[in-house]
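This report concerns only the one structure given below.
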Amino acid sequence: MFLYSSITKKVLMALAGLFLVTFLSVHLGINLMLLKNDGGRLFTEAATFMGSNALIKVFEVVLFAGFLLHIAVGLVVSGQNKSARPSPYAVSNSSDTSPLSKYMFHTGIIVFIFLLLHFFDFYFIKIGLVAPPPGIAIHDFYSRTLLLFSTPWYSLLYIFCFIALGIHLNHAIQSAFQTLGWNHGKYMDAVKFLGSAYSLVITAGFALVPICILFFKH
């Protein structure tokens, strides 16, 4: 029963994680619109569409549930793994285990804390739980983003958190494919390459935005 329960949890976590990978790609595309020199027109249009489309609103609920599911199951699985292997000197016998796997819990916690901050800075303002900064309208995410990324400590924190996310993604994508049984030896090298490439693109892409705003739009 424990084995079945553990496998089920890992499959749920893998599916939720792959769903979130899709979201990150869309989110990065919208964020990169901030770099276009049009006064935020394209970014605002995309943000307005995301905030007003009924289908997107349903997707937001599903996305939030996916985040909670991924985090909750990750904490449970991590706790079960520690209980099953209480010795800190226990070493995995798998030669295929990524050296990044031992940092999954730590990077996951960093990403979770950043997610709470991100919700506080944007989503909670949008739904009226938090007041926007003085002089900035509730739905003016362009001005809000420029204000945040013009603050050096916030930009550094943002970049640090996405480095943690990149480390998390690098192992998580490979692990998700293995958990779902898509780990045929012939394809795993390609999966590892794509996982590493995707995590690098996501990290670099999201980090590029605050760097450009801090140094060129400030």
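The values are calculated or read from the model by the stated rules, or taken from the named source; none is laboratory data. What you are looking at is a predicted structure, and each value in this text was computed from that prediction instead of being measured. With ideal geometry, Cβ positions are generated from the backbone for all residues, glycine too; neighbour counts draw on all protein chains shown.
It is to be established whether one or more residues within the range 124-135 are in contact (Cβ under 8 Å) with a residue 24 or more places away in the chain and among the hydrophobic types (A, V, I, L, M, F, W, C).
No, the range 124-135 contains no residue that is in contact (Cβ under 8 Å) with a residue 24 or more places away in the chain and among the hydrophobic types (A, V, I, L, M, F, W, C).
Across the range 42-63, what is the total count of residues that are among the charged types (D, E, K, R), closer than 30 Å to residue 216 by Cα and within 22 Å of the chain's Cα centre (by Cα)?
0
Step by step: first the residues of the range 163-218, then only those that are of a type in the set (S, T, N, Q) and modelled with pLDDT of 80 or more, then the one that is farthest from residue 102 (Cα to Cα). Which residue is that?
Here the answer is 203.
Within the bounds of the range 180-188, is there any residue that is in contact (Cβ under 8 Å) with a residue 60 or more places away in the chain and closer than 24 Å to residue 33 by Cβ?
no
Among residues belonging to the range 40-69 that are under 22 Å from residue 147 (Cβ atoms) and in contact (Cβ under 8 Å) with a residue 24 or more places away in the chain, point out the one that is surrounded by the fewest Cβ atoms within 10 Å (Cβ to Cβ).
48
Among the listed residues 208, 156, identify the single one that is in contact (Cβ under 8 Å) with a residue 60 or more places away in the chain and of a type in the set (A, V, I, L, M, F, W, C).
Just a single option satisfies the conditions, and that option is 208.
Residues to consider are 134, 152; find the one that is modelled with pLDDT of 90 or more, over 20 Å from residue 22 (Cβ atoms) and exposed (fewer than 15 other Cβ atoms within 10 Å of the Cβ).
152
Hey, among the residues in the range 104-123 that are aromatic (Phe, Trp, Tyr) and touching a residue at least 12 places away in the same chain (Cβ under 8 Å), which one's farthest from residue 75 (Cα to Cα)?
Applying the filter and picking the extreme gives 122.
If you go through the range 15-73 one residue at a time, how many are among the acidic types (Asp, Glu) and modelled with pLDDT under 75?
Within the range 15-73, residues that are among the acidic types (Asp, Glu) and modelled with pLDDT under 75 number 1.
Report yes if residue 39 is more than 19 Å from the chain's Cα centre (by Cα), in a loop (DSSP other than H, G, I, E, B) and either within 19 Å of residue 210 (Cβ to Cβ) or not charged (D, E, K, R) (or both), otherwise no.
In short, yes.
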